Amino acid sequence: MDELEFRRQALANPYESNPAFLAAMQASAARRKWVEELKAGEQELVQALKVPLPDGLAQRILLRQALDRSDEEAAARLIPPLAPPAPQGRWRQLAIAASVAFLLGLSTRWLPLGESRPDLSAVALAHVYGEQSFTQGVDERVSLDSVNAKMEKYGARLTSMAGLGHITYVNHCSFYQGPALHMEIQGSKGPITLFLVPRHVPLEIGRDDFSDGRLQGEIMELKGANLVLIGPMGEPLKPLADQLQKEMHWNI
């Protein structure tokens, strides 16, 4: 079971007992941690919904309904009868006009509203913040074979992990309109996140370097994909980017 399918099933039901789901969860400490967080959140929601009903609520509802019916009957006696309905032909014309208006409104919903595309750096930063709880504290002691098994999908491979630092996590992730490679590397100031994003993903590339005051990033346009590195402010990312480019070879 791949990462996207595992997450889909976990979000739908963190108590899933499917053997394939359980095997995928046991294969990764990060997955186990994430599923436990989903279960805890679901339990909190269940407890929040257990609100005790006030005494006599059912009787008050029945009384309110009875009073409403009495008010309606009194109003019916005071208000004169409505005018006779319009001829059938007029209603048919109104129905056709309403249908046309509905179809026009529905069709304009799918018209393109412009050619602007999201920025790669913004999507990557949002992804890092969204995944922090999933990867924080995880160390899967990733090997070169594990990295290349994931990179193969993107037409790339590493000849060596020398000079890259300690890799704690690698897997596929859902990145905007397609999958991307997600890797975590231990840096000198904290975790460094690497994304290998296929070139066909419709994202704009602005500056090669970016930051939001808390995290900073570097973007490198490589042969088969865009490489994004994001780490804490002050983390030297350029040497790591250069080393990755040196060790990475493409099969496309």
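The values are calculated or read from the model by the stated rules, or taken from the named source; none is laboratory data. This one's a predicted model, so the numbers in the text were calculated from it and none came from an experiment. Here Cβ is always computed from backbone atoms with ideal geometry, including for glycine, and neighbour counts include all displayed protein chains.
Here the helices (runs of 4 or more DSSP H) wholly within segment 1-85 that include at least 3 residues being modelled with pLDDT of 75 or more are 3-12, 19-26, 29-49.
Per the listing A180, A241, A149, the residue uniquely assigned to a strand (DSSP E or B), of a type in the set (G, A, S) and modelled with pLDDT of 90 or more is A180. Scanning segment 223-242 for residues that are in contact with a helix residue (DSSP H, G or I) (Cβ under 9 Å, 6 or more places away or on another chain) and within 13 Å of I185 (Cβ to Cβ) turns up L227, V228, L229, I230, G231. Number of residues in segment 127-157 that are in contact with a Leu (Cβ under 9 Å, 6 or more places away or on another chain) and crowded, with 18+ Cβ neighbours inside 10 Å equals 6.
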